[in-house]
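The values are calculated or read from the model by the stated rules, or taken from the named source; none is laboratory data. Quick caveat: nothing in here was measured; it's all calculated off a predicted structure. Cβ coordinates were reconstructed from backbone atoms using ideal geometry, including for glycine residues, and neighbour counts include every protein chain displayed. Ligands, DNA and RNA are excluded from the accessible area calculation, which covers all protein heavy atoms including side chains. Shrake-Rupley method; radii C 1.70, N 1.55, O 1.52, S 1.80 Å.
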Amino acid sequence: MEIIKIKDISKNQISKIYNYFFELPNHGFLDFSKNKKNFEKEFIDILNNKKFRFLIEIHNEEIQNYILIKNENSINRSVVMTKDVGKLKNNLTIIKEFSGSNNLEIGIRNHTRKEMNKISFLTYLRTYNFMKLEIGNLFNSNDEDSILKLKNYKQYYKDLLSIQNDCFADQYGYEANDLLEFKKELQNLEKRGINSYFEITKSNDEWSGYAWTQLNEENNEGRLSMCGIKKKFRNRGLAKPLIISSINNLIINNCEVIYLEVDNQNEPAKKIYSDLGFKKYSKLDWYVITN
C-alpha cells in the first residue's frame, strides 16, 4: 500500500486516479465528481488537508484499491473509505497509526447486512437512506412569513455557522465546523457551479431553524444538504414549512430533481420526506471496525 502525499503527486498520477474513480460505482459516504476538473480540485483539496490520508494499492502500475481516512478528532472518530472492504484488515496498522486512538467507522453503500456480517471485523452501527424527489408543482405553504430567505448569505457566515452547529450538535457523527472550513466548503461549491441557498425560521425574532439547499447549474439537480431545528424549538411543527419553502425555491430556480440523505432512525424526518413524495433509492450502512 502506497501513501500519496501532495508533494509527490504528478498530473499523470491524478489523471490515472481519476480514471480509476470514474469507473467505480457509488460505494461509500464520499463520492468524487465524475467531472475531471472538479475531481482534480476535490482530490488536491483532500491531499492538502491534514485531516485526510490517502493510500493506493498498485500492481503492475494499475490501481487495485484505495483507502481514504478522515480524522474527526473533536468527536473521537475516524472515517475509513475503500473500494475493497475485505482488504482493510491487511492495512489496519497503517490506518490505526494515522487515526491515533479514534474509533474507526466505515460507510458502505447498498450491501446487504447478511453479506457484510461475513466480515468478522465489522460491527453494524446504523443506516442512512438516500431519497429523491422528481419535481412536480410547487407545494402549498402558509407559513412563509416566518421564514427568512437569505439573498446574500455571504453577509451571514458567522450566524449561519452558529445555527448549523447548534442545530446538529446532538446528531450522530456531526463534527462542528469552524468558520474557515465553512467558508471554504461554500467557495468550493461555487467554483464547481453549485449554488447554495439558505432559509431560516424565526421564532420571536430568534433564528430557530436552518435549511441549506444546493443547485447544480450544469444538470439542474438539487440537494437538501441540511435541515435542522434548534433543540429548544423542536416539536413545534417548524421543520416541514422550512423544507417546503426550500424545495419551492429550488423548483423556482429550474431544479428538476432533489436528493437528500436521512438517518433511518429519524422517523419524524422520514415521514415528512415521504409525505412530500421523496422515494428511497439507495442506502448507506455504517459499521464500526472492531479488530
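Treating the Cα atoms of the stretch 100-191 as identical point scatterers in vacuum, please give the log10 of the normalised Debye intensity I(q)/I(0) at q = 0.20 Å⁻¹, two decimals. Values returned for q = 0.20 Å⁻¹ are -1.19.
Rounded, prolate or oblate, given the Cα gyration tensor of the stretch 95-135, with a/c below 1.5 counting as rounded? Oblate shape, in that a/c is at least 1.5 and b/c is the bigger or equal ratio. Of all the options Ile63, Ile244, Ile200, the one that moves most in a Gaussian network model of the chain with Cα springs shorter than 10 angstrom is Ile63. Against the chain, whose longest principal axis comes from its Cα atoms, helix 11-22 is set at around 70 degrees. Distance distribution note for the stretch 121-162: the fraction of Cα pairs above 13 angstrom is 78%. Taking label positions 7 Å along the Cα-Cβ direction at both Tyr157 and Tyr281, the computed distance is 3.4 nm, reported to one decimal. With springs only between Cα atoms under 10 Å, which of Phe278, Phe233, Phe168 fluctuates most in a Gaussian network model of the chain? Of the options given, Phe233 has the highest mean-square fluctuation.
About its Cα centre, how strong a charge dipole does the stretch 161-236 have in debye, to the nearest 20, once Lys and Arg get +1 and Asp and Glu get -1 at the Cβ? Please list the in-between numbers first.
Details: 11 positive and 13 negative charges, 58 e Å.
It comes to approximately 280 debye.
Residues Phe21, Phe98 ordered from highest to lowest accessible area at a 1.4 Å probe: Phe98, Phe21.
Please find the FRET efficiency linking Asn90 to Phe52, where r is the Cβ-Cβ separation and R0 is fixed at 25 Å, and quote it to the nearest 0.05. Numbers along the way, then the final one.
On the way: r = 20 Å, r/R0 = 0.82.
The formula returns an efficiency of 0.75 here.
Taking the C-alpha atoms only, the angle from helix 36-48 to the longest principal axis of the chain is near 70 degrees.
Rounded to the nearest 500, the 222 nm mean residue ellipticity of the chain from helices alone is -8500 deg cm²/dmol, with -39,500 (n - 2.57) taken per DSSP H run of at least 4 residues. Length gained on full extension, Lys118 to Ser15, computed as 0.36 nm times the residue gap minus the Cα-Cα distance: 33.6 nm. When only the Cβ of Lys, Arg, Asp and Glu is charged (+1, +1, -1, -1), the dipole of the chain relative to its Cα centre reaches about 400 debye. Along its principal axes, the stretch 232-291 has C-alpha extents of 50, 33, 17 angstrom, given from the largest down.
Here the stretch 76-94 and the stretch 243-291 have alpha carbon centers that stand 27 Å from each other. On the basis of the beta-carbon distance and an R0 of 41 Å, Leu179 and His59 show a calculated FRET efficiency of 0.40.
Kirkwood Rh, Cα Rg: Rg to Rh for the stretch 1-106? Rg/Rh for the stretch 1-106 comes to 0.94. Could you give the accessible area per residue of the stretch 182-291, probe 1.4 Å, as a whole number in Å²? Spelled out: the 1.4 Å probe surface of the stretch 182-291, per residue, equals 48 Å². A viscosity of 1.567 mPa s and a temperature of 4 °C, combined with the Kirkwood radius over Cα pairs in Stokes-Einstein, give a translational diffusion coefficient for the chain of 63 µm²/s.
Full extension of the chain segment joining Ile44 with Lys231 gains 63.6 nm, where the gain is 0.36 nm per residue of separation less the Cα-Cα distance. Would you work out which of Leu24, Tyr281, Gly86 lies farthest towards the positive end of the dipole of the chain? Charges go on Cβ: Lys and Arg +1, Asp and Glu -1. Value: Gly86. Here the stretch 155-197 is assigned +1 on the Cβ of each Lys and Arg and -1 on the Cβ of each Asp and Glu. Its dipole about the Cα centre then comes out at about 300 debye. Taking trypsin sites (Lys or Arg not before Pro) across the stretch 225-291, the ones in a DSSP loop with at most 16 further Cβ atoms lying within 10 angstrom of their Cβ are Arg234, Arg236. Helix 157-168 and the longest principal axis of the C-alpha atoms of the chain enclose an angle of approximately 80°. Along its principal axes, the stretch 151-215 has C-alpha extents of 35, 28, 19 angstrom, given from the largest down. Taking the 1.4 Å solvent-accessible surface of the stretch 125-266 as the whole, the part contributed by carbon and sulfur is 42%.
Report the extension gain between Leu125 and Asn137 in nm, rounded to one decimal, defined as 0.36 nm multiplied by the number of residues separating them, less their alpha carbon distance. Display every interim value, and only then the final one.
Working: separation 12, 0.36 × 12 = 4.32 nm, distance 3.78 nm.
So the extension gain works out to 0.5 nm.
Comparing Ile75, Ile58, Ile135 in a Gaussian network model of the chain (Cα springs below 10 Å), the most mobile by mean-square fluctuation is Ile58.
With the simple model of a label 7 Å out from the Cα in the direction of the Cβ, Glu217 to Leu148 spans 2.7 nm.
Going by accessible surface with a 1.4 Å probe and the largest first, Cys255, Cys227 read Cys227, Cys255. Per q in 0.10, 0.11, 0.18 Å⁻¹, report the Debye log10 I(q)/I(0) for the stretch 157-291, using one uniform scatterer on each alpha carbon and no solvent. Results for the stretch 157-291 at q = 0.10, 0.11, 0.18 Å⁻¹ read -0.35, -0.43, -1.17.
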